[in-house]
Every structure is written in C-alpha cells, then in structure tokens.
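The values are calculated or read from the model by the stated rules, or taken from the named source; none is laboratory data. Just so we're clear, the structure is a prediction, and the values are computed from it rather than from any experiment. Cβ placement follows ideal geometry from the backbone for every residue including glycine, while neighbour counts extend to all protein chains displayed.
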Amino acid sequence: MNPAFSVVVFTTAAGAGQGLVVALAAATLVDVPLAPASLRGGLAVAIVLLVVGLASSFLHLGRPARAWRAWSMWRTSWLSREVIVLPAFIALVALWWLAAGDARAARAAAAPLALAAIAVSALLWVCTAMIYACLRFIEEWAQPLTIVNFVLLGLASGLVLAGALAALAEERTAFAAALPAALVATVAAGACRVAALVRNAAIRHRSTLATATGIVATRLVQTSMGMSAGSFNTREFFHRASAAALRAIKLAAVALAFVVPTIVLALVWAQALPAAACTVVALVQAGGLLADRWLFFAQAKHPQNLYYQVVS
Amino acid sequence: MIAALRALFGRREDAAAAGDRESPPTRQLALVIDLNVCVGCHACVTSCKEWNTFGAAGPLADENAYGAAPTGTFFNRVQTYEAGVFPATDTVHFPKSCLHCEDPPCVPVCPTGASYKRKSDGIVLVDYDKCIGCKYCAWACPYGARELDEARQVMTKCTLCVDRIEDATLAPADRKPACVKACPTGARIFGDIHDPDSDAARAIRERGGYALMPEWNTRPANHYLPRRITAAAGAAAQETRTLGSGGAARAAPDIG
C-alpha cells in the first residue's frame, strides 16, 4: 500500500491520546494522588491529540463535506463504527475535563468517567484495528496481532506521554507510578510488533499471478498493464520506496519506538538519568511510531498489485 | 481473548454462510470473457470510456492527457500477458473490469452505504452522491477494480452500463454494455448467469468458465473462458489451460 500521511498521523496521534486517557483513568481508579490542574492538563493534551487525529482523518477524504454520512453503515463497516466511536470518545474526555474542574463533580463522577473512558478507548482501538484486520486478503493485516499492536502501541505511547507530563508537572507519585507501566508497555509493544514483522516477513501470499488471471502456464509474465502511464491503481497501492529504504525505516522504527525508549526509561528508573529524560523519550518514540505506522501500510502487499506489474 | 479474536475473524465465514441462506438475487448479470477470442484491440476500453464519460456514471476525468504521464479514470482495461517459454509462447489479452462479485467485499466496508449490490440484478454500483472518497472500498477489492476519479473525488467502477441495458428507448439488441457492443470478435458475452439457458451461463458451463482469485470466496459473477489451443481447421479443438507446455517447448533448443 502507499501509506497516506493523513492516516499515519491520525492513527498514531489518536492512539497516543487514547493511551494517555487510559493512563489518567487508571491513575484515578487506583487513587494515585494527582492535582486537579495536572489531571486537566493531561486530559487537555489527550483532547488535542484526538482532535489533531480527527482533523487529519478528514484530509484523507476526497469529499470531506460529506463525512457525516459515514455514521450510517455501522452494522457492517468497521470504518463507520470508528467514525461513531471517535467523536463519542472525544466528547467523553471533554466531559471528564469539565467535571475535573469542579471539586464536587470531580468527586462524584471521577470513577464512572474513568471506567467509561477506558471502555470507550478500548472499543476505539478495536474499531481502528479491525478496519485493517478485517480485509482478509491483505494478509499482513488480517491477523490478531494487528489488534494487539494497535492497543499496545497506543498504550505504550500514552503511558510514556503520561510519564513525561508527570515529570514536567513535578507530580512525583504519579511519575513513580507511570514510569514502570510505561517501561512494561513499551517492552510488550516492541515484542508484539517485532513478532508481527517477523510473521509478515515469512508470508507466502495465497494469491499469485496464476490465481489472479486463471492462466495456467509454465511461465507467465505481464507485458502490459493496459495503460501507458499510471492510474489510481498504481498510485494508491505502491509505496515506491526501495527495499533498502524500507529496511532502513524498519530498523529506525524499531530503534526509536521501542529500543531507545526502553533503555532510557530503564536508566531513569535506575535513577541514572533525571525524570526530565522522559520528555525526550516521548518525542523520540513519537517519531519512531510514525515511522512504524508508515511501515504498517507500506509493508501490506495488496493482491491487486499482481495485475499492475509492467507499465506499457 | 484469543477465542474472542478468533470469533472476530471467523465472522467472515459465518456472514458468507448466512448470505447463502438468504435468497440470492434472482438475476445476476455478468460478463463472460473469452480469452480465446480477445485480440487486445482495446475497442471495449475506448467504447466504455466514451459511453460512460457522457452517461450517468460520468464524467470520467482525464488528467495530463497530452503530457508525459497521462492518467485517467477507466472502468475497463485490457492487459496483456505472455504465457509459456519461447518459442512456445502465447500472448493472452486479458480484459479486466469489476467482476460484480456475488459476495462483494467492497460493499459491507463502505461507511456511507454508497457502495451497494442491486438486489434486482446483482450489479455492484456506487452512489456518487453519497461517496465521501475514503477509498476504503478500493482497499477492500482484491482485484483493483475500483478507481477514484481524480476530478470528482468519488469512487467509480464498471456499472455494466446500467443506463444502457434498461433503456427502453434503445432497440433490444442495443440494450447491452458498451464494451459488448464494441467487441469486434465477440469475446464478451453478457447475460444472467443464474439463468441456465442464457448464453453466458451456457458458455461458463460448456467451456470451462472460471472465476479470478477463487481463494477469497468473493464468487465473482464475471467469468473467463480459458484459452483453447486450436488444431488445424477440420480437426477437433483441444481444450487446455496449460500454455507453453506443448511438444514445441520441449523440442526447442535451449537458447538460455
């Protein structure tokens, strides 16, 4: 596939926002002491990430003014379900942000709002991941690890972000709680993502030129794809990066999203580095996760590409 | 967790089975394309473009038409493949358009309902007024049959010329897709494949009609008739789908 920048930014930013909300909700539920201003600050950052994601998703549409129509087919379409759940989640987080500003409302509604935020965030991860995992003939995506990875990558980036914000706000207890959670989530996300990359590297695709054309021959090659230049089919489904570039991006993604954050977080945990290093980790990991999401799309080989091998 | 994930992925098969239990469309219009007859003239391509760019499905944009890299929206393309090893090679021209699957994967994924399969005749269509141009249906089509129109930014595809085949003002013989009317060799057979007496159903049945990418169970309505190696006039035609494996290939000197 040719990775669409809008979708890469959308899924990465929204995933981090969801992870941050889940981190704040977990902190609320287990009574980690957190100043109301810090809680609201964290929720505000999450809302910004989610709104940036939503705005970015509009850039992917050919007809953004008609986007409201996308709510209608939730019975069959995971994309439609995502389009319903994302604004609902943003509204829920905004409601929590409002309630957190009032001491009485905060006491009464904190636990139910936190529980609801975790549930809706999980639902949103499933919807987003299933958009890709339900396409059975894109074999790089049609596997359970796709769902696991959307959840774990979002959780890891959200927890690292929560740790960075706690360090900036000098919330010592919250930071002490976020740091090990961020470390564990980053290691788990790295392990599952690498497992998916290893699995995908070994895929033998079910569709071949023989099944695509039904022509059974000792040798079969395309001599013309039926057009003299390109078409939607050659633009949308081919990333055009060289194999070397793809390898470099894969290495950079794994290093920046998982390896470097794990090492630095462990050093911070061992108190060899100051807490403020977490802010650098959050930025480095964001870059790594953007590269990784680009790779997620670029790595997927669409069976339609079998029909578009030779321009002439 | 694993069981729940399995259930999510297993849903497809359940849905397909449920689809079988529902009454299938009584009619399923389709094209049957005879690879033995197609000469790769692209008349179907130009006729399709001409009809549809002026019809209900159009206009179909052409961008940079006289530049170095022209691009445009087409519902139908003719590709060419070379099968076999020299000198026993066959050139196979391969017309390619939407296959109007009986279980179309592009339809359920559409978030707006713009993509739909017509119950009355099984044609898969796009409502251009509802399409938001998210391209998800194109991702969900294993055949690459859908093309986003760059000027209108909506998804487009073969309609089997719905605005021709039901036009009562046309002579009955003309109520066929533009590509079928244009084909000089009669390589395109149009009809209801659910009607066992139609030319299309008979061609599939009697001449080994096959579907593309059967591994994904999309059950394409369009079928292809395999290349037949024809012997000298008067001799019986020999049905074969393995090209380039004849005696000539083995007898030929190895020229690397």
Single condition residue A:115 does not satisfy, out of (1) under 19 Å from the mean Cα position of the chain (by Cα); (2) surrounded by fewer than 19 Cβ atoms within 10 Å (Cβ to Cβ); (3) under 15 Å from residue A:21 (Cα atoms): (1)
Residues (of a type in the set (Asp, Glu) and either over 20 Å from residue B:53 (Cβ atoms) or assigned to a strand (DSSP E or B) (or both)) located in segment B:154-211: B:192, B:195, B:197, B:199, B:206
Segment B:109-123: number of residues that are surrounded by fewer than 20 Cβ atoms within 10 Å (Cβ to Cβ) and farther than 15 Å from residue B:30 by Cβ: 3
Extreme residue, nearest to the other protein chains (Cβ to nearest Cβ), among residues of segment B:135-147 that are farther than 22 Å from residue A:71 by Cα and among the small types (Gly, Ala, Ser): B:144
Residue check, residue B:171 small (Gly, Ala, Ser) and either within 14 Å of chain A (Cβ to nearest Cβ) or surrounded by 23 or more Cβ atoms within 10 Å (Cβ to Cβ) (or both): no
Qualifying positions in segment B:58-100 - in contact (Cβ under 8 Å) with a residue 60 or more places away in the chain, in a loop (DSSP other than H, G, I, E, B) and within 20 Å of residue A:236 (Cβ to Cβ): B:60, B:61, B:73, B:74, B:75, B:98, B:99
Residues that are over 26 Å from the mean Cα position of the chain (by Cα) and over 14 Å from residue A:40 (Cβ atoms), drawn from segment A:163-178: A:170, A:172, A:173
Residues (in a loop (DSSP other than H, G, I, E, B) and at the interface with chain A (Cβ under 9 Å from one of its Cβ atoms)) located in segment B:101-134: B:105, B:110, B:111, B:112, B:113, B:114, B:129, B:130, B:131, B:132, B:133, B:134
Wholly enclosed helices (runs of 4 or more DSSP H) of segment A:195-311 bearing at least 1 residues under 30 Å from residue B:35 (Cβ atoms) and in contact (Cβ under 8 Å) with a residue 24 or more places away in the chain: A:209-213, A:232-236
Selection within segment B:212-225 - aliphatic (A, V, I, L, M) and either surrounded by fewer than 21 Cβ atoms within 10 Å (Cβ to Cβ) or assigned to a loop (DSSP other than H, G, I, E, B) (or both): B:212, B:213, B:221
Flag for residue A:148 being of a type in the set (A, V, I, L, M), under 23 Å from residue A:255 (Cβ atoms), surrounded by 19 or more Cβ atoms within 10 Å (Cβ to Cβ) and within 14 Å of chain B (Cβ to nearest Cβ): yes
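Name the residue, out of A:256, A:209, that is of a type outside the set (Lys, Arg) and within 14 Å of chain B (Cβ to nearest Cβ).
That would be A:209, the only listed residue that is of a type outside the set (Lys, Arg) and within 14 Å of chain B (Cβ to nearest Cβ).
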Condition met for residue A:245 (more than 17 Å from the chain's Cα centre (by Cα), closer than 21 Å to residue A:19 by Cα and either of a type outside the set (Asp, Glu) or modelled with pLDDT under 95 (or both)): no
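I'd like to check something: does segment A:88-102 contain any residue that is under 19 Å from the mean Cα position of the chain (by Cα), within 30 Å of residue A:302 (Cα to Cα) and buried (at least 21 other Cβ atoms within 10 Å of the Cβ)?
no
Let's see how each residue does on (1) out of contact with any strand residue (DSSP E or B) (no Cβ under 9 Å at 6 or more places or on another chain); (2) over 16 Å from residue A:184 (Cβ atoms):
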position	(1), (2)
A:233	no, yes
A:238	yes, yes
A:246	yes, yes
A:258	yes, no
A:287	yes, yes
A:290	yes, yes
Residue within segment B:78-92 that is within 19 Å of the chain's Cα centre (by Cα), surrounded by 18 or more Cβ atoms within 10 Å (Cβ to Cβ) and under 20 Å from residue B:193 (Cα atoms) present: no
Cβ-Cβ under 6 Å pairs, at least 6 apart or on other chains, segment B:184-210 side surrounded by 19 or more Cβ atoms within 10 Å (Cβ to Cβ), far side among the hydroxyl-bearing types (Ser, Thr, Tyr) and part of a loop (DSSP other than H, G, I, E, B): B:191/B:198; B:192/B:198
Lone qualifier among B:39, B:45 - being at pLDDT 60 or above and touching a Gly at 6+ places or on another chain (Cβ under 8 Å): B:45
One residue from A:21, A:85, A:45, A:120 being over 26 Å from residue A:171 (Cα atoms), away from chain B (no Cβ under 14 Å) and part of a helix (DSSP H, G or I): A:120
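Matching residues to (1) out of contact with any helix residue (DSSP H, G or I) (no Cβ under 7 Å at 6 or more places or on another chain); (2) among the β-branched types (Val, Ile, Thr):
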position	(1), (2)
B:33	yes, yes
B:36	yes, no
B:43	no, no
B:47	no, no
B:66	yes, no
B:75	no, no
B:84	no, no
B:92	yes, yes
B:108	yes, no
Given (1) more than 9 Å from chain B (Cβ to nearest Cβ); (2) basic (Lys, Arg); (3) in contact with a helix residue (DSSP H, G or I) (Cβ under 6 Å, 6 or more places away or on another chain), index of the condition residue A:104 fails: (3)
Residue within segment A:69-76 that is among the aliphatic types (A, V, I, L, M) and more than 27 Å from residue A:157 (Cα to Cα) present: yes
Total residues in segment A:92-112, condition part of a helix (DSSP H, G or I) and without any contact (Cβ under 8 Å) to a residue 40 or more places away in the chain: 10
Filter pass, residue B:137 being part of a loop (DSSP other than H, G, I, E, B), without any contact (Cβ under 8 Å) to a residue 40 or more places away in the chain, within 24 Å of residue A:138 (Cα to Cα) and not basic (Lys, Arg): no
Selection within segment A:1-29 - surrounded by fewer than 24 Cβ atoms within 10 Å (Cβ to Cβ) and free of Cβ contacts under 8 Å to residues at least 60 places away in the same chain: A:5, A:6
